[in-house]
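Comments concern the structure below.
Where a number appears in this text, it was derived from the coordinates with a stated rule and is not lab data. These numbers come from a predicted model, not from an experiment. So basically every Cβ, Gly included, is an ideal-geometry build from the backbone, and we count neighbours across all protein chains shown.
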Ligand SMILES: [Zn+2]
Ligand SMILES: [Zn+2]
């Protein structure tokens with residue numbers, strides 16, 4: 001009599017499903033970028049909205065009169081326009097003695113070519129090595145002699161300086177250095193020396209908090225409610241449009257990174273679904289195998305009463321070498337292993353001929 005003991009167990013041949021490091025990294029990066037882009041988009045949208053709501057004032061005696069009757073003598077966020085005038089002696093350009101300004105920046109930048117393995121090209125990169133700022137107090141002057149003192153201009157966004165001197169110092173190299181650069185993937189191109197100035201007489205659009213102090217002087221300063229402070233050579237419309245475009249750009253980047261994140265999620269989900277599908281199919285196949293095995297065992301015990309217990313010397317599974325061979329692998333037809341070892345196979349290939357296993361059936365030796 002032949003007895004089959006079926007021990008249900010998980011198929012060992014299945015690898016456990018796991019999210020790969022690349023997927024996790026891509027998902028994390030797109031999540032973080034989406035967060036950053038959302039924040040920047042929101043911030044520039046708020047700035048545009050505030051710019052739209054900011055009242056415009058002509059810089060003349062009426063502004064003072066208005067502030068005198070305004071509570072707190074303060075306009076929280078207002079747009080004014082005026083010409084730059086130094087309060088005392090102006091600054092002189094180091095390179096052009098005829099240029100005067102109120103704000104002067106010296107910038108030394110290093111330009112390098114860095115080899116990018118990703119795009120297979122040399123990319124131009126720059127790094128600020130040194131920056132120095134000189135400043136003298138200045139005002140914005142209106143049509144009559146009304147002036148507004150500009151407070152903390154360095155906090156202001158917007159383009160308000162012009163390049164007054166630009167010089168590039170080319171780097172030169174010997175042969176040894178060139179080889180070194182090739183190996184390290186970094187080539188210094190040279191140094192860029194810049195002088196930028198906010199020139200006397202420039203017309204500036206200023207957006208910020210306007211106050212009238214007790215001495216009757218007007219000042220423009222960074223808004224106390226955290227709104228963006230602007231000093232720009234562009235007119236108000238251009239300034240608004242630039243910020244509007246910026247907000248649109250952040251939105252585009254936000255959508256792109258969110259889409260990339262969803263694509264990664266979709267891909268991982270698809271992989272997981274395939275993994276589950278293979279698992280269901282294997283389980284179904286195992287159930288079918290066991291059912292047939294039991295059915296055949298019943299038929300055999302009804303028929304012959306021979307002692308089917310094989311000591312397994314010539315019939316042992318080629319993998320575990322202990323249990324009897326009890327399954328036939330199709331399509332190759334090899335009878336070489338036990339069902340437990342078949343289920344533990346990593347790849348569904350016949351251990352004898354390496355052909356793909358399409359189906360497995362119980363097998364009995366009479
Ligand atoms: Zn075996
Ligand atoms: Zn085979």
Gained length - residue 20 relative to residue 256, 0.36 nm times residue gap less alpha-carbon distance:
82.8 nm
Each label sits 7 Å from Cα toward the beta-carbon; between residue 58 and residue 347 the label points are separated, in nm, by 8.5
Please report, largest first and rounded to whole Å, the three semi-axes of the ellipsoid equivalent to the chain, where each semi-axis is the square root of five times an eigenvalue of the C-alpha gyration tensor.
83, 29, 12
Against the longest alpha carbon principal axis of the chain, how many degrees, from 0 to 90 and to the nearest 10, is the axis of helix 21-53 turned?
30
Dimensions (Å) - the range 55-234, Cα atoms, principal axes, largest first:
73, 39, 23
GNM top mover of 216, 269, 185 - the chain, alpha-carbon springs below 10 Å:
185
Under Stokes-Einstein, with the Kirkwood radius over Cα pairs standing in for Rh, what whole-number D in µm²/s applies to the range 65-138 at 4 °C and 1.567 mPa s?
75
Whole-Å distance linking the alpha carbon centroid of the range 115-183 with that of the range 37-87 is 28
Of all DSSP beta bridges located in the range 155-280, what percent are antiparallel, nearest 5?
95
For the chain, built as a Gaussian network whose Cα springs stay under 10 Å, the top-fluctuating residue of 102, 136, 207
136
For the range 196-242, alpha-carbon Rg relative to the globular expectation (2.2 N^0.38 Å, N residues):
1.33
Given the -39500 (n - 2.57) contribution per DSSP H run of 4+ residues, what per-residue ellipticity at 222 nm results for the chain, rounded to the nearest 500 deg cm²/dmol?
-12000 deg cm²/dmol
For the chain, longest principal axis from Cα atoms; helix 236-302 axis from its Cα atoms; angle between them, nearest 10 degrees, is 10
Using a basic spin-label model with each label point 7 Å from the Cα along Cα→Cβ, how many nm lie between residue 114 and residue 97?
4.3
How would you rank 86-92, 270-276, 239-245, 338-344, highest first, on the average number of other Cβ atoms within 10 Å across their residues?
338-344, 239-245, 86-92, 270-276
How tilted is helix 175-184 with respect to the longest principal axis of the chain? Cα atoms for both, answer in degrees (0 to 90, nearest 10).
60
